[in-house]
Structures are given as structure tokens and as C-alpha cells.
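Colleague: Dropping a structure here in C-alpha cells format, bear with me for questions.
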Amino acid sequence: MRSSVDFDTEMMDRALALARRAFGQTSPNPMVGAVVVKNRRVIGEGYHHRAGAPHAEVHALNAAGDRAQGSDLYVTLEPCCTHGRTPPCTDAIIKAGIRRVVVAVADPNPKHSGQGLELLKKAGVHVETGLLGEAASQLNAPFNKWIRSGLPFVTVKAAMSLDGKIATRDGESKWITGEKSRAFVQELRRGTDAIVVGSATVVADNPQLTVRDNAVDRQPWRVIVDSRGRCAITANVFCDEHRQRTIVLTSKLSPEPWRKQLIERGVTVIECGTVPAVSDRRTEKEEQPVVGDRGHTAHIDLCDALKRLGQREITSVLAEGGGGLLGALFDARLVDKACFFYAPKIIGGATAPTAVEGQGIGPLKDAIALRNVEWRHLGDDLVVTGYC
């Protein structure tokens, strides 16, 4: 017979699997799963489907019905105790007569953390916390960062040759990696709130930046970093059916008529602050490209830009390039996770663009070392992911 510890772990693992069913659908809320158990039998389960819908605990309790009296509840996140888009789950748990609640992690919101647990304890409910807490925290890493800091979780993605090139010297980039890698990128897009690229990527590739899945409930926001208005008004992201899901992060340096045309098309235009470009700290001979403004002397303050996205309840972004944007994000230490795809190809060439540009580091000791690194094969390609 399984021990009580093993059984609890199995039930929490089941709750985590339920939570993952809503991948990419709950923002700005977290993914949460819940399981109601009585006499070691599951009598109800559920997960949070989307913001504004009932929480996982309510779905699970409704499924259990009157049988919930005297049962155990396993939930991946501390039950809420305040009125938001829905009533507090603590009220529903107490009313249902739950005797024991096992919680993976406490609410990451400093304003509410632990309050729901205390309310349950005061009502006579036995509360346990910490079971599979690390897995539960990682599941909602974007939400956790956003609710604490107001900043979205930043994942950078690049598809490159073994020597780090994202295109040939002539600018050809389709396709360096294989079909399985490209399918995985679609999954990354489906799970993020926004896809971010620099203006150079729009100018060179005219991408659509959408999830290629007709069944997807919502498309991520498309965010273009363009401080000087380099992108053509006829670019796909400004003209297609999803143009109202497009945001341009620009500065006072961009032409006013260009901004007005974008706004008239339904594009959201946000003026951000600027910071001196890398080239300002180099000699003229050493000048390097900067984010979306090759050769200019200022670029978007990316910290300010991310704050503005966070204010719009964008909890996660996937930065897809080009090298100038990724380099600037790394230089500013704004990256939370990296996802690099390597194809078994050699492109070479001093002028071929690389995955990460920017200023870079000086001494090797300052290199950004990834944590919790994972390696996997996707066809002939290799994908490396890790946290910064």
C-alpha cells in the first residue's frame, strides 16, 4: 500500500497536470489545478481555465458536490481570500466542509501571501504547504515575477547555426532550423503574452509573429521596438487582421505622422524613454549596431518598456530577435530564460548577423551562466534552455 506521503505527492502531481491544461490561457492569472479526495478516492477535480472564470478549487468542489464534506483538497496555489473577478475560494472551501487542504506554494503576491491559509486555519481546516512547491513555482514563473515586480518574465529565443549565425551575409534566414524546432517555437508563442522583436527584424523579414494554430483562443500581443520609425507602415504586423494586437514601443525620435498612421490602423503606440546607445561609449571606428537603430545614438530604455508592458497586464514576453534586441536585453540583465536552437550547419562570415549582439561582457567572469539547463534533440537540431 502506498504511504500517505507517496499518495499526497501523487495527488499534487495530478493537480499540477490539471493546471498545465490551461497553458497560455489564464494570463494575467496563474495556472492552478485542484483535486478533491475522500478515502483515497478522487471525487472531484478542476483547473482554472481563463481569467474571470471560476478558480480551480471551485471547479473541483462543484464536481465533488455534497461528497466534499470531510474530504481533502490538493491545490497547486494558495486559495484566494479576496474578492477579485470571482469570489474568494476560501469561503467555498469552508462552506464545503473540507477538513484538510494541501497547498504546493503560497500566494506570491506580498499583499495576500499567507492570508488565505490563516483564514482556513482559523476555520478549523488543517493546512499543509510546500508539497512539490518548486514545480508549482516554476509552472507560474511569469506570474510570480509580474505580481511581485510589475515586470513581465522575459524569455529570449534564437534559431542559429552551430557558429551562432541567425542569417547568411545576404540576410537569408529561412530556414536554418528544421520543422520540429519551428513547431516547438509555435508552442513557445502559444504560452506567452507577447512576442517582441526589434525594427531590424520587421524590416528584414516582414514577419507575422502569430501562432499558426486556428484553434488558439487568443493571439499573443506583437510588440515592435522601433525608436525612430524605421518599420514600413505596410508591414504585415500593421496591416493584417491582428493589427489591433500590435504594440509599437517607440520614442520621441520617431516621426509624428508615422505614429498617427499606426494609431489610425488600430496599433497601440507607446512612447518610452531612451538610453545612450552602445556606440556612444565607443570610438567612431568601433561603433556597433544598437536595437532597431543601426548607427544612431540612442535606443529604447528596455526596462522602462517592460514596465509599460507590465502595466498592461502582460506577464510574459518572448523576445525573438534580432541580435541587437537580444544583446540589449542581456546587457541590461533583463533576461529570465534563454531558449537557443542550434542547427548542425556552419554559415560563417564576419558580416553574417549573430544571435546576441549588444555591448557584451568584458572579463569572462561576467558571463551570464544559465541555471537548470536542459538539452534536447528536435530532429537534427539541438535546443538548449536555461534560467538566467
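The values are calculated or read from the model by the stated rules, or taken from the named source; none is laboratory data. Just so it is clear, the structure is predicted and the values come from calculations on it, not from any experiment. Methodologically, a virtual Cβ is constructed for each residue, glycine included, from the backbone with ideal geometry; neighbour enumeration extends over all protein chains shown. We work out accessible area using only protein heavy atoms, side chains counted, and drop any ligands, DNA or RNA first. Shrake-Rupley method; radii C 1.70, N 1.55, O 1.52, S 1.80 Å.
Colleague: Identify, please: which residue in the range 337-362 is in contact with a helix residue (DSSP H, G or I) (Cβ under 7 Å, 6 or more places away or on another chain) and modelled with pLDDT of 95 or more and is, among those, surrounded by the most Cβ atoms within 10 Å (Cβ to Cβ)?
Modeller: Among those residues, the one meeting the criterion is 341.
Colleague: Right, next: Quick check on my filter: what residues within the range 177-206 are in contact (Cβ under 8 Å) with a residue 40 or more places away in the chain, over 18 Å from the mean Cα position of the chain (by Cα) and in a loop (DSSP other than H, G, I, E, B)?
Modeller: 177, 178
Colleague: Evaluate the following for residue 368: is it modelled with pLDDT of 90 or more and in contact with a Lys or Arg (Cβ under 6 Å, 6 or more places away or on another chain)?
Modeller: No.
Colleague: Something else about it: Among the residues of the range 129-142, is there at least one that is touching a residue at least 12 places away in the same chain (Cβ under 8 Å) and farther than 30 Å from residue 339 by Cβ?
Modeller: yes
Colleague: Of all residues in the range 207-230, count the ones that are open to solvent by 60 Å² or more (accessible area, probe 1.4 Å), over 23 Å from residue 272 (Cα atoms) and either touching a Leu at 6+ places or on another chain (Cβ under 7 Å) or at pLDDT 90 or above (or both).
Modeller: Number of matching residues: 1.
Colleague: Looking only at the range 151-176, filter to residues that are at pLDDT 95 or above and part of a loop (DSSP other than H, G, I, E, B); which one of those is nearest to residue 376 (Cα to Cα)?
Modeller: Restricting to residues being at pLDDT 95 or above and part of a loop (DSSP other than H, G, I, E, B), the top hit is 152.
Colleague: Considering only the range 306-388, give the strands (runs of 3 or more DSSP E) lying wholly within it that have at least 1 residues that are of a type in the set (Phe, Trp, Tyr). Write out each step before concluding.
Modeller: Details: elements: 316-321, 337-343, 371-378, 381-387.
Strands (runs of 3 or more DSSP E) meeting the threshold: 337-343, 371-378, 381-387.
Colleague: Any residue in the range 211-223 that is among the aliphatic types (A, V, I, L, M), closer than 20 Å to residue 334 by Cα, part of a loop (DSSP other than H, G, I, E, B) and touching a helix residue (DSSP H, G or I) at 6+ places or on another chain (Cβ under 6 Å)?
Modeller: Pass one, the range 211-223, residues among the aliphatic types (A, V, I, L, M): 211, 215-216, 223.
Applying the additional criterion that residues be closer than 20 Å to residue 334 by Cα yields 223.
The next check asks that each one be part of a loop (DSSP other than H, G, I, E, B); those that pass are none.
No, there is no match, as no residue in the range 211-223 is among the aliphatic types (A, V, I, L, M), closer than 20 Å to residue 334 by Cα, part of a loop (DSSP other than H, G, I, E, B) and touching a helix residue (DSSP H, G or I) at 6+ places or on another chain (Cβ under 6 Å).
So that you can scan it fast, the table gives a plain yes or no per residue for (1) over 30 Å from residue 342 (Cα atoms); (2) open to solvent by less than 40 Å² (accessible area, probe 1.4 Å); (3) in contact (Cβ under 8 Å) with a residue 12 or more places away in the chain:
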{"residue": "87", "(1), (2), (3)": "yes, no, no"}
{"residue": "109", "(1), (2), (3)": "yes, yes, yes"}
{"residue": "112", "(1), (2), (3)": "yes, no, yes"}
{"residue": "118", "(1), (2), (3)": "yes, no, no"}
{"residue": "150", "(1), (2), (3)": "yes, yes, yes"}
{"residue": "156", "(1), (2), (3)": "no, yes, yes"}
{"residue": "167", "(1), (2), (3)": "no, yes, yes"}
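Colleague: On to the next question. If residue 39 passes every condition in (1) at negative phi; (2) open to solvent by 20 Å² or more (accessible area, probe 1.4 Å); (3) not aliphatic (A, V, I, L, M) but one, which one does it miss?
Modeller: The one condition residue 39 does not meet is (1).
Colleague: In this structure, does residue 136 turn out to be of a type outside the set (Lys, Arg), open to solvent by less than 20 Å² (accessible area, probe 1.4 Å) and either modelled with pLDDT under 95 or under 30 Å from residue 334 (Cβ atoms) (or both)?
Modeller: Spelling it out, residue 136 is indeed of a type outside the set (Lys, Arg), open to solvent by less than 20 Å² (accessible area, probe 1.4 Å) and either modelled with pLDDT under 95 or under 30 Å from residue 334 (Cβ atoms) (or both).
Colleague: Could you please let me know if residue 267 is under 29 Å from residue 141 (Cβ atoms), of a type in the set (A, V, I, L, M) and either open to solvent by less than 70 Å² (accessible area, probe 1.4 Å) or in contact (Cβ under 8 Å) with a residue 24 or more places away in the chain (or both)?
Modeller: No: the conditions fail for residue 267.
Colleague: Continuing with this model, one more query. Taking the range 83-97 as the search range and keeping residues that are of a type outside the set (Asp, Glu) and closer than 13 Å to residue 117 by Cα, which one is modelled with the lowest pLDDT?
Modeller: It comes out as 88.
Residues checked against (1) open to solvent by less than 50 Å² (accessible area, probe 1.4 Å); (2) within 27 Å of residue 194 (Cα to Cα); (3) in contact with a Leu (Cβ under 6 Å, 6 or more places away or on another chain):
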position: 4; (1), (2), (3): no, no, no
position: 9; (1), (2), (3): yes, no, no
position: 12; (1), (2), (3): yes, no, yes
position: 16; (1), (2), (3): yes, yes, no
position: 23; (1), (2), (3): no, yes, no
position: 28; (1), (2), (3): yes, yes, no
position: 50; (1), (2), (3): no, yes, no
position: 53; (1), (2), (3): yes, yes, no
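Colleague: Taking the range 363-388 as the region of interest, how many residues are open to solvent by 40 Å² or more (accessible area, probe 1.4 Å) and among the β-branched types (Val, Ile, Thr)? Please lay out each step first, then the result.
Modeller: If we filter the range 363-388 for residues that are open to solvent by 40 Å² or more (accessible area, probe 1.4 Å), which is where we start, we get 363-377, 379-380, 382, 388.
After this cut, where a residue has to be among the β-branched types (Val, Ile, Thr) as well, the list is 368, 373.
Counting residues in the range 363-388 that are open to solvent by 40 Å² or more (accessible area, probe 1.4 Å) and among the β-branched types (Val, Ile, Thr) gives 2.
Colleague: Testing residue 176 on (1) open to solvent by less than 50 Å² (accessible area, probe 1.4 Å); (2) closer than 30 Å to residue 30 by Cβ; (3) among the aliphatic types (A, V, I, L, M), one condition comes back false. Which one is that?
Modeller: Going through the list (1) open to solvent by less than 50 Å² (accessible area, probe 1.4 Å); (2) closer than 30 Å to residue 30 by Cβ; (3) among the aliphatic types (A, V, I, L, M), residue 176 breaks only (2).
Colleague: Could I ask something else about it? Across the range 231-241, which residue is farthest from residue 186 (Cα to Cα) among those that are assigned to a loop (DSSP other than H, G, I, E, B) and open to solvent by less than 50 Å² (accessible area, probe 1.4 Å)?
Modeller: 233
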